[in-house]
Amino acid sequence: MYQPSSRKEADMRLDSQVLDLETAVKDGILGGNCGVISTGFGLKKLDLKLMVEELESIDMPTVFICPISLEPMRDPVTLCTGQTYERSNIVKWFSLGHYTCPTTMQELWDDSVTPNKTLQQLIYSWFSQKYLAMKKRSEDVQGRVKEVLENLKKVKGQARVQALKELRQVVQAHGTALKTVAENGGIAFISSLLGPFTTHAVGSEVIGILVNFNLDLDSKSDLLQPAKISLIVDILNEGSIETKINCTRLIGMLMEGNDFASQNVASLSLLVGLLRLVKDKKHQSGVLSGLILLKTVCSNESVRNSFVNVGAVPQLVELMPGLNNECLELVLRILELLSSIPEGRLALKDCPNTIPNVVKLLMKASENCTQLALSILWSICKFAPEECASLAVDAGLAAKLLLVIQSGYDPVLKQRSAELLKLCSLNFTDNIFISKCKLTRTIE
C-alpha cells in the first residue's frame, strides 16, 4: 500500500475542479519543478506500469492514489461528483451493483466516467522524473562499485580499510550495488581478503560486506576454511557491537543447512564469545543474534557437552529475568537442548536459580515458553526426583501445573503437566501436597 507524502495534501483533491499543469506546479503537487520531460530514450515511451512497480516504496501526492485500491492510478477517470478513480476499480464497483460515489456515497445522477487526461499526464510526468533519477543514481552506484573493486586490488593498509568501508556503506544503502559486486566477481575477491594475516580492521569491513549477500555453496565452503573461521571468531570476541553482530550473522549463514559445519565452527572461543555477547543486555540486537546462533550451534549434539563445560547453564539461567519473549524462548530452547545430555541435567540441577526462574515462566509468557519450561523441569525432576521435585513444589510448581491442566493449552502439554504433577507428589504426604497446590502463592 502506498503512503502519501507529507506535503499539504488537504488541497490536493480534484473535486470538480479542472487541474492543469500550471496549477499543479504552482500548488506544489509536483514539487514545483516537474512537467512533461524528455525521457532520453528517443521515441521510446517509458512504461507507467513498470515505473510504478519499481518505485513502489516512494512517497507520492495523494491526488495520484485511487481511493478504492490505495494504489497509484494509471488510467484515472472522474465521476459526476468530481471524484477521480482508477478506471478498472470504478468499473468493478459499478459491476457489483453500486451506483454511488465510493468516497462521498452520493447517488450518481450520471453514471458516465470522464478520462482525466490532465491528471494522467501529471502522474506520468512525475513518475518519469523519479524513475529516471533513480536509474541515474543506480548507474552512478554501479560505476562507483566497479571503481572501488578495482581500487581494492591495488591498495593495502589503511587505504584498503577505507575502500572496504566505502564499499560496505554502498552495498548497505543500495540494492543495485549487491548485484554489481556479485556480477563482477566481488564476493570471491572480498572473501579472499580474509586469512591468517588479515588485520581485524580489514576483516571487520569484509565481514560487514559479506553478510549482505545470499552466499552460494562455493562461497560458504571457502569461508569455512579453518584459517578464515578462526579469524571471524577472533573478530567476534574483540570487535565493536556492530562487528560482533555481523560475525554472528555470517557464521549463522555458513552453518545453515550444514550439520558438518557446526562441528568445525563451534570452538570454545566461539562459545565464550557468544556468551559474552548475549550477556550484554545494553544491546538487545546483539543478545538476539547471539542467542539465535547459540541455538543453531547447540542443535548439534556433539557441541552440547563443550558448551556445558564453559559454564553456559548458570549464565543462561541468570540471563532469563527481563528478557523479551523472543529471546526468552531462545534461552529456554538452548537449555532444553542442554538438558538432553547428563552433563546438562547435572548443571541445571546444581544451579540454584534454575528451578525458581523456570517455574516463574509457567503460564506467564507464551505457550511455547510454558512448553519449553515444562520440558526442562521434567528432565531435571526425573534426573534427581527427591531433591528437585521438592524444590520445584516449594517454588510453586504444583499450583502452576494445575493452572496449565485447566487452561486451553495443547492436550499434550496438559498431559505432560499431569505427569510432572504426579512425579512431584511422590515426595509428600497427601495433606501436605494438597496444601502446596493452593493458588495464593502462585497468583502473587
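FYI, it's all coordinate maths here, none of it is from the lab. From a predicted model like this one, the values you see are computed outputs, not experimental measurements. In this analysis, Cβ positions are derived from the backbone assuming ideal geometry, glycine residues included, and neighbour counts consider all displayed protein chains.
Can you give the extra length, in nm with one decimal, that the chain gains between GLU387 and GLU183 once fully stretched, where that is 0.36 nm per residue apart less the Cα-Cα distance?
67.2 nm
Work out the FRET efficiency for SER366 and ASP394 from their Cβ-Cβ distance, taking R0 = 25 Å, and round it to the nearest 0.05.
0.45
Tell me the label-point distance for the pair ASN264, ASN353, using the 7 Å Cα-to-Cβ offset, in nm and rounded to one decimal.
According to this spin-label approximation, the distance is 3.8 nm.
What whole-number distance in Å separates the alpha-carbon centres of the stretch 308-327 and the stretch 345-424?
Computed from Cα coordinates, the inter-centre distance equals 17 Å.
With a sphere of radius 10 Å drawn around the Cβ of SER379, what net charge do the other residues whose Cβ falls strictly inside it have (Lys, Arg +1; Asp, Glu -1)?
+2
Give the residue from THR100, PRO61, VAL113 lying farthest towards the positive end of the charge dipole for the stretch 49-147; charges sit on Cβ (+1 for Lys and Arg, -1 for Asp and Glu) and the dipole is referred to the Cα centre.
PRO61
If each residue of separation counts as 0.36 nm, what is the full-extension length gain between ILE405 and LEU217 once their alpha-carbon separation is subtracted?
This chain segment gains 62.9 nm when fully extended.
So what are the ³J(HN,Hα) numbers for the stretch 153-160, from phi and the Karplus equation (6.51, -1.76, 1.60; θ = phi - 60°), rounded to whole Hz, Gly and Pro as x?
So the Karplus estimates, Gly and Pro as x, are 6, 10, 9, 9, x, 5, 5, 5 Hz.
Please give the net charge around LYS295, taking every other residue with its beta carbon less than 13 angstrom from that of LYS295, where Lys and Arg add +1 and Asp and Glu add -1.
-2
Which value does Rg/Rh take for the stretch 77-154 over its C-alpha atoms, Rh per Kirkwood?
Dividing the radius of gyration by the Kirkwood radius yields 1.41.
Hey, rough spin-label estimate for SER240 and GLU318, points 7 angstrom out along Cα→Cβ, what's it come to in nanometres?
Result: 2.9 nm between the two label points.
Principal axes first, then extents: for the Cα atoms of the stretch 216-369, list largest minus smallest coordinate on each axis, whole Å, largest first.
Computed over the Cα atoms, the extents are 46, 33, 26 Å.
Can you give me the distance in nm between label points at GLN225 and LYS146, each placed 7 Å from the Cα along the Cα-to-Cβ direction?
About 2.9 nm, to one decimal.
Please work out the FRET efficiency for the pair LEU193 and VAL412, using the Cβ-Cβ distance as r and a Förster radius of 60 Å; give the result to the nearest 0.05.
The pair LEU193/VAL412 has a calculated efficiency of 0.75.
In the stretch 116-198, what is the volume of the convex hull around the alpha carbon atoms, normalised per residue and reported in Å³?
In the stretch 116-198, the Cα convex hull volume per residue is 88 Å³.
What FRET efficiency comes out for ARG87 versus GLU326 if R0 is 60 angstrom and r is the Cβ-Cβ distance? Round to the nearest 0.05.
0.85
By how many nm would the segment from GLN169 to HIS98 lengthen if fully extended, with 0.36 nm per residue of separation less the alpha-carbon distance?
20.3 nm
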